[in-house]
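Colleague: One structure follows; several queries about it will come next.
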Amino acid sequence: MIAQKKKVYLETYGCQMNVSDSELVLGLLNKEGYDITNSIEEADVVMVNTCSVRENAEQRVYGRLGEFKALKNKNPEIVVGVLGCMAERLRDKLTDEKAKGVGQIVDVIIGPDEYRKVPELVNKAWHGEKGIAVRLSRVETYDDLEPLRTEGISAWITVMRGCDKFCTFCVVPFTRGRERSRTLTSIVHEVELLSARGFKEVTLLGQNVNSYRDGEYDFADLMRSVAEVDSSIRVRFTTSHPQDMSDKLIKTIASYPNICKFIHLPFQSGSSRVLEAMNRTYDREHYMRLVKKIKRTIPDVCLSTDIIAGFPTETEDDHRQTLSVLNEIRFDGAFMFKYSPREHTPAFTMVDDVPEEVKSRRVTEIVELQKAISLEKNREMLGKTVEILVEGESKKSSLEWHGRTDGNKMVVFPKGDFSIGDYVTVTIVRANSATLFGEAHSYGEEIPEELLAAVA
Ligand code: 5AD
Ligand code: SF4
């Protein structure tokens, strides 16, 4: 009888870096002889890759682990693993049998710099041995590992790991350790392989991607080298810090047609006083000047940002300054959060003095304003013709595709004869604040009069 291969189910929370890390882990387990499954019911190994950036992200994982407990009760053989930032931050709690009861069911706990040990620790867990590996590394970049990529169009490529910025609210420098970069040559080689496999988009990832450095090469050099591999591959990157957004990088983005004209540039707060307390290393004026320069150099650029509402000491005036940055810059999109105190961060020792209901009201005001701006900006797209990379079926209809513009706007349009991975020219005919809707046509084809009339 042939022994059945064991099956692994891995659920991912948090940032894109975690998505990319999960692909690394699945690659390692696959090589070790495990099959990957999307169905938790048939899994022998059940894992979560976790996020610690805000309290509610951790609560969701605790909730999920509670559900895994029922699975484990039914089948005690199952190996349960916790990976990622929570493994790093909460190692003691996760092994404590009393803490929310999850200690009893977690078999392996593995932090972001110890993924090479996943197969070994999971193998040992079959023999009842609990495993923990949470050491942070100054050098680990997983440069030589092959991630398991399940779709063939768009690839995440982690180019640097860790963060040295120490924003006072952020747990990342503690859960992911110091900055380190992969070599430029290995990244370019990976893109060459992806090009040969027919990939159409790569996103270079790092907690602080534009502080990438490999000897004499900086992030602009890396972007240029990656863009030159294959002009039919779109190049994106995330997430960047204003301090490392060099003129050279802005010019590089402007000068390569296949580098997407989209920049995610978190500003966090519109108040220079709060920015200082956050240790963001720039003030409001610096950020505004930087965005002006970006818009001047890359005229059709799309921008998105991150904002925190209710950081300690934030006043109504500080909050209004955040709203005014939104009005002045008019971002295409934003991720907006209530401040969440994180143990061990410098801000944790400040008094969390903005009451919960004030935080909620402020974040709602920010969200509402940004929604209105996103809608206005999306309406400006009506009648325009854009190039979309088809990424998959629309969530709402099997008759439609979804894909994104160069500026990262989601577009839904009828499938026609197009396939996933095609670049399609689409005229935008309808818009809401999150999505554009369009009609596709082939290159060189004239846009029908009635279509334009419909949007006029
Ligand atoms: N509370 C709220 N938001 C946070 N972020 C990071 N740490 C916290 C925190 N303690 C947000 C920042 C960052 C994004 C990834 O998450 O806006 O840019
Ligand atoms: Fe956290 Fe700041 Fe580093 Fe971003 S730059 S990961 S917010 S410490």
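The values are calculated or read from the model by the stated rules, or taken from the named source; none is laboratory data. These numbers were taken from a predicted model, which means no experiment stands behind them. Cβ: placed from backbone, ideal geometry, glycine included. Neighbour counts: every protein chain shown. Side chains included, ligands, DNA and RNA excluded: accessible areas come from the protein's heavy atoms. Shrake-Rupley method; radii C 1.70, N 1.55, O 1.52, S 1.80 Å.
Colleague: Using heavy-atom solvent-accessible surface (probe 1.4 Å) with all chains present, what is the largest-first order of Ser272, Ser340? Spell out each step's value before the answer.
Modeller: Working: Ser272 40, Ser340 20 Å².
Greatest to least solvent exposure: Ser272, Ser340.
Colleague: Over what distance in Å are the Cα centres of region 360-415 and region 33-51 separated?
Modeller: 32
Colleague: Counting only other residues whose beta carbon sits under 10 Å from that of Pro147, what net charge do I get with K and R as +1, D and E as -1?
Modeller: Details: positive: Arg149; negative: Asp21, Glu23, Glu146, Glu190.
My count for the surroundings of Pro147 gives -3.
Colleague: Kindly provide the helix-only [θ] at 222 nm of the chain, computed as the sum of -39,500 (n - 2.57) over DSSP H runs of four or more divided by all residues, to the nearest 500 deg cm²/dmol?
Modeller: On the way: 14 runs with 154 residues, N = 456.
One gets -10000 deg cm²/dmol as the mean residue ellipticity at 222 nm.
Colleague: Could I ask something else about it? When the C-alpha atoms of region 92-192 are aligned to their principal axes, what extent does each axis show, in angstrom, from largest down?
Modeller: Principal extents (Cα only, largest first): 48, 37, 24 Å.
Colleague: Compare Arg213, Arg149 by solvent-accessible area with a 1.4 Å probe and give them largest first, with all protein chains kept in place.
Modeller: Working: Arg213 135, Arg149 35 Å².
Result, largest first: Arg213, Arg149.
Colleague: Count the net charge of all other residues whose Cβ sits under 11 Å from the Cβ of Asp422, scoring Lys and Arg as +1 and Asp and Glu as -1.
Modeller: Values: positive: Lys200, Lys415; negative: Glu387, Glu391, Asp417.
Net charge around Asp422: -1.
Colleague: Out of Thr297, Phe311, Pro266, whose Cα points farthest toward the positive end of the dipole of region 234-315 (charges: +1 Lys, Arg; -1 Asp, Glu; placed on Cβ)?
Modeller: Thr297
Colleague: Considering the chain, which cysteines have no disulfide-compatible partner, defined as another cysteine with its Cβ under 4.7 Å away?
Modeller: When partners are defined as cysteine Cβ atoms under 4.7 Å apart, the chain leaves Cys15, Cys51, Cys85, Cys163, Cys260, Cys302 without one.
Colleague: Below 8 Å, C-alpha to C-alpha, sequence gap of six or more: please give me the relative contact order for region 294-411 in percent. Kindly include the intermediate steps, with their values, before the conclusion.
Modeller: On the way: 128 pairs, mean separation 29.3, N = 118.
Relative CO of region 294-411 lands at 25 percent.
Colleague: While we're looking at this one, here's another question. Where in region 24-84 are there GluC sites (Glu not before Pro) that are in a DSSP coil and have at most 14 other Cβ atoms within 10 angstrom of their Cβ? Don't jump to the answer; show the numbers that get you there.
Modeller: Working: sites: Glu32, Glu41, Glu42, Glu55, Glu58, Glu67, Glu77; in loops: Glu32, Glu77.
Listed in order of number, the matching sites are Glu32, Glu77.
Colleague: Loop only by DSSP, 13 or fewer other Cβ within 10 Å of the Cβ. Give me the GluC sites (Glu not before Pro) in region 109-215 that pass, ordered by residue number. The partial results should precede the final answer.
Modeller: Working: sites: Glu114, Glu120, Glu129, Glu140, Glu151, Glu179, Glu190, Glu192, Glu201; in loops: Glu114, Glu129, Glu140, Glu151, Glu179.
Answer in residue order: Glu129, Glu151.
Colleague: Then there's this: If I ignore ligands, DNA and RNA and count only protein heavy atoms, how much of Leu222 is accessible to a 1.4 Å probe, in Å² to the nearest 10?
Modeller: About 0 Å², rounded to the nearest 10.
Colleague: Tell me, what is the 1.4 Å probe accessible area of Met336, in Å² to the nearest 10?
Modeller: For Met336, solvent-accessible area is about 50 Å².
Colleague: Assign unit charges at the C-beta atoms only (+1 for Lys and Arg, -1 for Asp and Glu), then state the dipole size of the chain relative to its Cα centre in Debye, rounded to the nearest 20. Walk me through the numbers on the way to the answer.
Modeller: Numbers: 62 positive and 71 negative charges, 147 e Å.
Approximately 700 debye in magnitude.
Colleague: May I pose another question? Return a whole-number percent for the relative contact order of the chain, with Cα pairs under 8 Å and 6 or more residues apart as the contact set. Don't skip to the answer; put the middle values down first.
Modeller: Numbers: 891 pairs, mean separation 42.8, N = 456.
Normalised by residue count, the contact order of the chain is 9 percent.
Colleague: Within the chain, what's the longest run with no chymotrypsin sites (Phe, Trp or Tyr not before Pro) in a DSSP loop and at most 15 other beta-carbon atoms within 10 Å? Give the range, please.
Modeller: Details: sites that count: Trp126, Phe166, Tyr443.
Within the chain, the longest run free of exposed chymotrypsin sites (Phe, Trp or Tyr not before Pro) spans 167-442.
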